[in-house]
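Below: one structure, written as structure tokens.
The values are calculated or read from the model by the stated rules, or taken from the named source; none is laboratory data. Just so it is clear, the structure is predicted and the values come from calculations on it, not from any experiment. Cβ placement follows ideal geometry from the backbone for every residue including glycine, while neighbour counts extend to all protein chains displayed.
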């Protein structure tokens, strides 16, 4: 779904996604009171300076439509845009995803674009990150969403991590791009980026991806094939069961 907002109003650029014929439906953005769209505002200083920007976000979405475990990415000097997106995600809500008629937790990604059209502030929201052409075209498209909680995702990573000789660095991480067909089945996957290169984190994330299930992408309300970005920041990742995360553990072994 794609929305725009100006300084004084909020309006749909494309219509609300209709219900698809399948049994799963992705999370979407609405213009209802309390939605993420209603919480988004163009930063005043950026508007005054005639600045534009774009922010990617990744998060877990609860069955109630509330975002958590939020990660945002933006370009240099776009910190206020990033802060505006984080505020909206923490205070607004989405229409939740559902499977077989029941709301479910999903992990999703999206892009918020801050534009000035003839001096008028405009904010566009799309639930797509992996396919740049879909983001830039501003089409009525929602990329695949992973049926998972952040805690279960991290639990799978910690269960598999000992299989790989991981190279430690200051900010280890990886992004895996997954191609999902119109039935929600993963058909291919590849490492999109990794730090450090060949550090083992990408291979670990590929392994975790094999266990995941997806809600397929939708275009104009119809299930279609699409790409999903699986993002992991290993440097700040914590084991949901309380064990130490990546890094060095110092243990006093005295008697």
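At-a-glance table
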| read-out | value |
| --- | --- |
| Only listed residue being assigned to a helix (DSSP H, G or I), touching a helix residue (DSSP H, G or I) at 6+ places or on another chain (Cβ under 9 Å) and modelled with pLDDT under 95, chosen from 37, 32 | 37 |
| Residue satisfying all of: in segment 71-88; touching a strand residue (DSSP E or B) at 6+ places or on another chain (Cβ under 9 Å) and in contact (Cβ under 8 Å) with a residue 40 or more places away in the chain; farthest from residue 38 (Cα to Cα) among these | 71 |
| Matching strands (runs of 3 or more DSSP E) fully within segment 160-246 where at least 3 residues are touching a strand residue (DSSP E or B) at 6+ places or on another chain (Cβ under 7 Å), surrounded by 14 or more Cβ atoms within 10 Å (Cβ to Cβ) and not assigned by TED's automatic domain parsing to the domain that holds residue 98 | 173-180, 186-195, 217-219, 226-233 |
| Filter pass, residue 99 being touching a helix residue (DSSP H, G or I) at 6+ places or on another chain (Cβ under 6 Å), outside the structural domain of residue 177 (by TED's automatic domain parsing) and in contact (Cβ under 8 Å) with a residue 12 or more places away in the chain | no |
| Filter result (surrounded by fewer than 18 Cβ atoms within 10 Å (Cβ to Cβ) and part of a helix (DSSP H, G or I)) within segment 115-149 | 132, 133, 136, 137 |
| Some residue of segment 60-70 being free of Cβ contacts under 8 Å to residues at least 12 places away in the same chain and not assigned by TED's automatic domain parsing to the domain that holds residue 176 | no |
